[in-house]
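Here's the structure, in structure tokens; my notes come after.
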Amino acid sequence: MKTIACALALALALVGACGGASSPAPSSPSQTSSAAAPPPAPAPAEPPAAPAPSAPTPSAPETAKPDAHAPIVDAIRKDAIACYAAGKKTNPTMGEGHVVLNVAARDGRASCVIPSEGAGLSSEVEACLANRLSRESMPAAETRLAIPLELKDGAIELSNEQPRTGAAGIENLETHGVDRAGTVVMKLMDQINECVLDGMAKKPDLAGFFYVHAKIDARGNVACAVANRGNDVPEDVLNCATNKVSKWHFPKPKHGSGSVTIPIKVGKKL
């Protein structure tokens, strides 16, 4: 019977000892609580939270700081506004627009100027701007420029829309006035990849993007070309790609001349 009583006591109360001394008289709830178990040990203090890392300060766009291109824009401003005004007469519905002028320069002079990423401007206005810029002096230290411009009635400024980077792939090929340019580019991409692979042989971790722009003459030949916007892409890779593209032949443009812009990815997967 004593064993049964002990088991019953354990099952119901889980307190006391079988066959031991009698239990003390019940006390007040507060006394019972303190007597039944020692107060819980205080939780260890949590170490102070590490301060949240501050968000990196975004890089200011090129146009937000003193820009080497600003004097160029100032120099062509009057003629550029005239280009826009002439285009507006031909196309009265033309509103404000923007374009990137890609420049190859040597000894402070432009040897090739090719518009790309135009929006809102007629092809005549873009061609007029490129022709004017080709006669302008360039910073002696720069050989590859990408100058983003924004135009509207009576005004031209450096655009806040910076030249694009990173949009590689044949689907991002940009053409103006040249039919079936994609077919030519797809056939000849191996030649550009040779340039990239040669650069990676010298620098295995080479990665980034660059663009090759080509001006196509009335016979479909490449009149001039420029490679720019290379993210740490060596000069010899850019020169190699430019030389390769310069030897290509495209279908004759519809209106006497045209252009092609080819985005190139540099990395382990081309």
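Read-outs: derived from the displayed coordinates by stated rules, not from any lab. Everything quoted here is computed from the prediction, not taken from an experiment. With ideal geometry, Cβ positions are generated from the backbone for all residues, glycine too; neighbour counts draw on all protein chains shown.
Assorted remarks:
- A straight chain from residue 93 to residue 81 at 0.36 nm per residue would run longer than the Cα-Cα distance by 2.7 nm.
- Computed E for residue 236/residue 173 - FRET, C-beta separation, R0 22 angstrom, nearest 0.05: 0.35
- Pair-distance distribution P(r) for region 170-266, from all Cα-Cα distances in 5 Å bins starting at 0: 3, 15, 27, 24, 16, 9, 4, 2, 0 percent.
- Angstrom value of the Kirkwood radius, inverse mean 1/r, which spans all Cα pairs in region 66-158: 13.1 Å
- Ratio of Rg to Rh over region 209-270 (Cα coordinates, Kirkwood Rh, two decimals): 1.03
- Relative contact order [Cα under 8 Å, 6+ residues apart], region 66-158, whole percent: 38 percent
- Peptides 111-124, 209-222 ranked from most to least packed give 209-222, 111-124, packing being the mean of other C-beta atoms within 10 angstrom over each peptide's residues.
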